[in-house]
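Asks: I'd like to ask some things about the structure below.
The values are calculated or read from the model by the stated rules, or taken from the named source; none is laboratory data. Computed from a predicted model, the values in this text were never measured in an experiment. Note that we place each Cβ from the backbone using ideal geometry, even for glycine, and neighbour counts take in every protein chain shown. Remember, those area values only see protein heavy atoms, side chains included, never the ligands or the DNA or RNA. Shrake-Rupley method; radii C 1.70, N 1.55, O 1.52, S 1.80 Å.
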Amino acid sequence: MPAYRIATIPGDGIGVDTIAEAVSTLKTVCDVHGGLQFAFDDYPWGCTYYLEHGKMMPDDGLKILGDYEAILFGAVGFPSVPDHISLWGLLLPIRQWFDQYVNLRPVKLLAGIPGPLRNKGAREIDFVCIRENTEGEYAGVGGRSHRGAHNEVAIQTSVFTRAGVERVLRYGFELARKRPRHELVSATKSNALQYSMVFWDEVFKQLQDEYPDIRCRQYHV
């Protein structure tokens with residue numbers, strides 16, 4: 001049986017470690033199933049590559065990947081490179097070019113691996129989620145045309161105003177002042193939504209100067 005050719009892109013951060021373990025696991029699978037073979041080619045594309053070359057992957061990167069049966073991708077993103085640049089420069093072009101339209105993430109509780117929240121209660125778990133409720137995806141801006149036709153189109157536009165973003169963030173800051181830990185966490189998708197969510201992140205950072213007593217953290221949702 002010919003070997004299945006797999007392109008490995010460890011990417012950044014934990015991606016390097018996870019891909020190393022994934023490749024090791026696949027090699028073990030080959031050992032167990034004697035007729036199965038994988039051939040791996042590693043590509044050092046990602047934020048380190050960007051800092052050296054000004055791009056997340058070479059211009060013919062997608063063409064290179066097209067010669068493989070599969071792509072084993074680690075993670076993308078590093079503090080020294082804006083997230084919307086890292087995502088739109090590598091991961092999203094791969095998804096769009098190869099029409100990878102399903103993001104499948106199985107979740108399973110494995111026997112013998114206790115979850116970090118399994119034995120926690122009200123004393124340990126106590127937080128408040130705040131979400132913008134009238135703007136963003138809830139602005140109701142958009143429309144549909146060619147209804148029922150094969151070329152039907154639906155457009156949904158998110159709307160972010162400085163007034164709207166500031167007021168919900170200020171609510172979060174003020175509430176954090178009343179909470180025991182004085183902590184506020186902002187979760188956005190600014191790597192994919194390079195205009196609206198980047199704008200949100202910027203306002204979040206600007207307001208932190210007005211609330212020096214609040215510990216702030218930021219994550220991708």
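Asks: Would you say Val76 is within 27 Å of Ser196 (Cβ to Cβ) and of a type in the set (A, V, I, L, M)?
Replies: Values: within 27 Å of Ser196 (Cβ to Cβ): yes; of a type in the set (A, V, I, L, M): yes.
So Val76 fits the description; yes.
Asks: In region 69-81, which residues are on the phi < 0 side of the Ramachandran plot, touching a residue at least 40 places away in the same chain (Cβ under 8 Å) and buried (at least 17 other Cβ atoms within 10 Å of the Cβ)? Break it down stepwise before answering.
Replies: At the first step, the residues of region 69-81 found to be on the phi < 0 side of the Ramachandran plot are 69-76, 78-81.
Imposing the further condition that a residue be touching a residue at least 40 places away in the same chain (Cβ under 8 Å) reduces the set to 69-76, 78.
Across region 69-81, the qualifying residues are Leu72, Phe73, Gly74, Ala75, Val76, Phe78.
Asks: Taking region 50-70 as the region of interest, how many residues are closer than 24 Å to Ser190 by Cβ and outside any helix (DSSP H, G or I)?
Replies: Total meeting the criteria: 4.
Yes or no, residue by residue, for (1) surrounded by 10 or more Cβ atoms within 10 Å (Cβ to Cβ); (2) over 19 Å from Leu207 (Cα atoms):
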site: Lys108; (1), (2): no, yes
site: Ile125; (1), (2): no, yes
site: Cys129; (1), (2): no, no
site: Tyr138; (1), (2): yes, yes
site: Arg144; (1), (2): yes, yes
site: Glu152; (1), (2): yes, yes
site: Phe173; (1), (2): yes, no
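Asks: Something else: Regarding region 94-101, can at least one residue be identified that is in contact (Cβ under 8 Å) with a residue 24 or more places away in the chain, open to solvent by less than 100 Å² (accessible area, probe 1.4 Å), over 30 Å from Val159 (Cβ atoms) and touching a strand residue (DSSP E or B) at 6+ places or on another chain (Cβ under 7 Å)?
Replies: No, region 94-101 has no match at all.
Asks: For the condition modelled with pLDDT of 95 or more, in contact with a strand residue (DSSP E or B) (Cβ under 6 Å, 6 or more places away or on another chain), of a type in the set (Phe, Trp, Tyr) and within 25 Å of Phe199 (Cβ to Cβ), what is the one hit in Tyr43, Tyr50, Tyr68?
Replies: Answer to the check: Tyr50.
Asks: Return the pair list, or none, for Cβ contacts closer than 7 Å from residues in region 46-63 that are of a type outside the set (Asp, Glu) to residues that are modelled with pLDDT of 95 or more and exposed (fewer than 14 other Cβ atoms within 10 Å of the Cβ), at least 6 apart or on different chains.
Replies: Note: pairs meeting the criteria are Leu62/Trp97.
Residues are listed down the side, and each one gets a yes or a no for (1) among the basic types (Lys, Arg); (2) closer than 16 Å to Pro82 by Cα:
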residue: Val159; (1), (2): no, no
residue: Lys178; (1), (2): yes, no
residue: Leu184; (1), (2): no, no
residue: Tyr195; (1), (2): no, yes
residue: Glu202; (1), (2): no, yes
residue: Gln206; (1), (2): no, no
residue: Ile214; (1), (2): no, no
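Asks: Now, a different point. Suppose the filter is under 20 Å from Cys216 (Cα atoms) and either among the charged types (D, E, K, R) or touching a helix residue (DSSP H, G or I) at 6+ places or on another chain (Cβ under 9 Å) (or both); does Arg147 pass it?
Replies: no
Asks: How many residues does region 24-40 contain that are assigned to a helix (DSSP H, G or I) and surrounded by 12 or more Cβ atoms within 10 Å (Cβ to Cβ)?
Replies: Of the residues in that region, 3 qualify.
Asks: Report the residue count in region 12-23 for those that are part of a helix (DSSP H, G or I) and either among the hydroxyl-bearing types (Ser, Thr, Tyr) or in contact with a helix residue (DSSP H, G or I) (Cβ under 8 Å, 6 or more places away or on another chain) (or both).
Replies: Selection size over region 12-23: 1.
Asks: All but one of (1) outside any loop (DSSP other than H, G, I, E, B); (2) touching a helix residue (DSSP H, G or I) at 6+ places or on another chain (Cβ under 7 Å) hold for Glu202; state the number of the condition that does not hold.
Replies: Evaluating Glu202 over (1) outside any loop (DSSP other than H, G, I, E, B); (2) touching a helix residue (DSSP H, G or I) at 6+ places or on another chain (Cβ under 7 Å) leaves (2) as the failure.
Asks: Among the residues of region 153-193 satisfying the criterion of being among the acidic types (Asp, Glu) and touching a residue at least 12 places away in the same chain (Cβ under 8 Å), which is farthest from Arg215 (Cα to Cα)?
Replies: Glu166
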